[in-house]
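Engineer: My questions will all concern the structure given below.
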Amino acid sequence: MATALVVGATRGIGLGFVRALLQRDWNVYASYRQPDSLGALDELAAGHPGQLHRVMLDLTDEAGVAAAVAKMEAQLLEPLELAVCCVGVLHQGEQGPEKSLSQLSGDWFGHSMSVNALGPLLLLKHLHPLLVHHTSSQFAVISARVGSIAENELGGWYSYRASKAALNMLMKTASIEMRRRFPHLQLLCLHPGTTATELSAPFSKRVAPEKLFSVERTVRQLLQVLEENRGGPSGRFLSWDGSELPW
Ligand SMILES: NC(=O)c1ccc[n+]([C@@H]2O[C@H](COP(=O)([O-])OP(=O)(O)OC[C@H]3O[C@@H](n4cnc5c(N)ncnc54)[C@H](OP(=O)(O)O)[C@@H]3O)[C@@H](O)[C@H]2O)c1
């Protein structure tokens, strides 16, 4: 049984990954931040005894990330084959993505950078020793097409766009270091397509129904992209249909 870690697994795309991987008979570690958001994961764990392990972890707390990884390492019976980081923030309470520069807040910009860009890199920093013992392992982050600098024609969403562009740069940079040291570890940035989750809900009315994917569809597509690219080049930015996106 292969083993995966899904980070940001309490809802949305991350929870979808957990569900799909359990159905495919993976051994799954799934992260949550607060015990009161464990409902769906507890239910899945009850239906898959011994197959789903819950890990408490907040990407903005490096010491907590290190402790969670150490705890996992002590429990793991075999190296990890896959880690998918599905963590992201676009809005929170009154704070939405900026429509104009006048809405920019330094605090929100910093928070977006911390959760969306630095967090996944800190995760890689502490987690990669658990991935490098496998013959072909993958560390994937869910990025976003709006993080592409080359494709930015609409503007707006300063904090989210910048944090996803930074995430892409950080993963590309890490892939160069990792390629030299651990050639079997592949790093990928994935664009999921607009997916019906809490993150996209305030904006999904503007999306044509055929372009708004269910979580199940998104996860199926992304797992196919991961499978088709396993063992291939590292440090790429791929869309849900497997096409390469411009940085
Ligand atoms: N949905 C879309 O249309 C879309 C499009 C493009 C890209 N994406 C990207 O896809 C990824 C998943 O998005 P989603 O739509 O599934 O979002 P979501 O439903 O809002 O879920 C976000 C997840 O991230 C977790 N999280 C937030 N802050 C965290 C932190 N500091 N540490 C650890 N976990 C944290 C949340 O946990 P809690 O339950 O504890 O808050 C939740 O599990 C994100 O990176 C997003 O930017 C989504």
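Engineer: Give Thr218, Thr197 a once-over and let me know the one that is surrounded by 13 or more Cβ atoms within 10 Å (Cβ to Cβ), of a type in the set (Ser, Thr, Tyr) and assigned to a loop (DSSP other than H, G, I, E, B). Quick ask: steps written out before the conclusion?
Structural biologist: Values: Thr218 fails: assigned to a loop (DSSP other than H, G, I, E, B).
After applying the criteria, what remains is Thr197.
Engineer: If you don't mind, another one. Would you confirm whether any residue within segment 150-170 is free of Cβ contacts under 8 Å to residues at least 40 places away in the same chain and among the charged types (D, E, K, R)?
Structural biologist: Yes, there is a match, as at least one residue in segment 150-170 is free of Cβ contacts under 8 Å to residues at least 40 places away in the same chain and among the charged types (D, E, K, R).
Engineer: Give me a count of the residues in segment 69-111 that are among the hydroxyl-bearing types (Ser, Thr, Tyr) and either within 10 Å of the ligand (Cβ to nearest atom) or part of a loop (DSSP other than H, G, I, E, B) (or both). Explain how you work it out, then say what you get.
Structural biologist: Going residue by residue through segment 69-111, those that are among the hydroxyl-bearing types (Ser, Thr, Tyr) are 100, 102, 105.
After this cut, where a residue has to be either within 10 Å of the ligand (Cβ to nearest atom) or part of a loop (DSSP other than H, G, I, E, B) (or both) as well, the list is 100, 105.
Number of matching residues: 2.
Engineer: If we keep just the residues of segment 1-26 that are assigned to a loop (DSSP other than H, G, I, E, B) and either under 22 Å from Leu122 (Cα atoms) or of a type in the set (D, E, K, R) (or both), which is farthest from the ligand (Cβ to nearest atom)? Break it down into steps so the answer makes sense when it comes.
Structural biologist: Taking segment 1-26 first, the residues assigned to a loop (DSSP other than H, G, I, E, B) are 1-2, 8-11, 24-26.
In the following step, the residues that additionally are either under 22 Å from Leu122 (Cα atoms) or of a type in the set (D, E, K, R) (or both) were identified as 8-11, 24-25.
On the way: Gly8: 3, Ala9: 6, Thr10: 4, Arg11: 5, Arg24: 19, Asp25: 23 Å.
Out of the qualifying residues, it is Asp25.
Engineer: State which residue is surrounded by the fewest Cβ atoms within 10 Å (Cβ to Cβ) when the search covers only segment 201-215 and only residues that are not hydroxyl-bearing (Ser, Thr, Tyr) and not in a helix (DSSP H, G or I).
Structural biologist: Just the residues of segment 201-215 that are not hydroxyl-bearing (Ser, Thr, Tyr), to begin with: 201-203, 205-213, 215.
Pick out the ones that are also not in a helix (DSSP H, G or I) and you get 207-208, 212-213.
Working: Val207: 15, Ala208: 7, Leu212: 17, Phe213: 21.
Among residues in segment 201-215 that are not hydroxyl-bearing (Ser, Thr, Tyr) and not in a helix (DSSP H, G or I), the one surrounded by the fewest Cβ atoms within 10 Å (Cβ to Cβ) is Ala208.
Engineer: Among the residues of segment 183-214, count how many are in contact (Cβ under 8 Å) with a residue 12 or more places away in the chain and either touching a Phe, Trp or Tyr at 6+ places or on another chain (Cβ under 7 Å) or more than 7 Å from the ligand (Cβ to nearest atom) (or both). Before you say what the answer is, go through the steps one by one.
Structural biologist: If we filter segment 183-214 for residues that are in contact (Cβ under 8 Å) with a residue 12 or more places away in the chain, which is where we start, we get 184-200, 202, 207, 211-214.
Narrowing the set further to residues that are either touching a Phe, Trp or Tyr at 6+ places or on another chain (Cβ under 7 Å) or more than 7 Å from the ligand (Cβ to nearest atom) (or both) leaves 184-196, 202, 207, 211-214.
Residues that pass the stated criteria total 19.
Engineer: Sticking with this structure for a sec: Looking at Val146, is it under 20 Å from Glu198 (Cβ atoms) and assigned to a helix (DSSP H, G or I)? First the steps, then the outcome.
Structural biologist: Numbers: under 20 Å from Glu198 (Cβ atoms): yes; assigned to a helix (DSSP H, G or I): yes.
It is true that Val146 is under 20 Å from Glu198 (Cβ atoms) and assigned to a helix (DSSP H, G or I).
Engineer: Moving on to the next point. Inside segment 27-67, can you point out the residues that are hydroxyl-bearing (Ser, Thr, Tyr), near the ligand (Cβ under 10 Å from one of its atoms), closer than 16 Å to Leu124 by Cβ and surrounded by 17 or more Cβ atoms within 10 Å (Cβ to Cβ)? Give the steps one after another, and end with the answer.
Structural biologist: Of all residues in segment 27-67, those hydroxyl-bearing (Ser, Thr, Tyr) come to 29, 31-32, 37, 60.
If we keep only those that are near the ligand (Cβ under 10 Å from one of its atoms) as well, we get 31-32, 37, 60.
Of the ones still in play, those that are also closer than 16 Å to Leu124 by Cβ are 31, 60.
Answer for segment 27-67, where residues must be hydroxyl-bearing (Ser, Thr, Tyr), near the ligand (Cβ under 10 Å from one of its atoms), closer than 16 Å to Leu124 by Cβ and surrounded by 17 or more Cβ atoms within 10 Å (Cβ to Cβ): just Ser31.
Engineer: Would you pick out the residues in segment 135-146 that are under 12 Å from Leu167 (Cβ atoms) and touching a strand residue (DSSP E or B) at 6+ places or on another chain (Cβ under 8 Å)? First the steps, then the outcome.
Structural biologist: Here is the first cut: in segment 135-146, the residues under 12 Å from Leu167 (Cβ atoms) are 140-144, 146.
Within segment 135-146, Ala140, Val141, Ile142, Ser143, Ala144 meet the criteria.
Engineer: Could you grab the pairs with beta carbons closer than 7 Å, sequence gap of 6+ or different chains, first residue in segment 226-237 and among the acidic types (Asp, Glu), second one surrounded by 11 or more Cβ atoms within 10 Å (Cβ to Cβ)?
Structural biologist: Matching pairs, first to second residue: Glu228/Gly242.
Engineer: Another one. Condition first: in a helix (DSSP H, G or I) and crowded, with 18+ Cβ neighbours inside 10 Å. Now tell me which residues in segment 127-142 satisfy that. Give the steps one after another, and end with the answer.
Structural biologist: Our first condition is that a residue be in a helix (DSSP H, G or I); within segment 127-142, this holds for 127-131.
Of everything in segment 127-142, those that are in a helix (DSSP H, G or I) and crowded, with 18+ Cβ neighbours inside 10 Å turn out to be Leu127, His128, Leu130, Leu131.
Engineer: Right, another one. Under the condition of being more than 16 Å from the ligand (Cβ to nearest atom) and buried (at least 18 other Cβ atoms within 10 Å of the Cβ), which residue from segment 143-181 is modelled with the lowest pLDDT?
Structural biologist: Ranking the qualifying residues of segment 143-181, first place goes to Met178.
The values are calculated or read from the model by the stated rules, or taken from the named source; none is laboratory data. In this text, all values refer to a predicted model and were calculated from it rather than measured experimentally. When we count neighbours, we look across all protein chains shown, and the Cβ atoms used for this are built from the backbone with ideal geometry, even at glycine.
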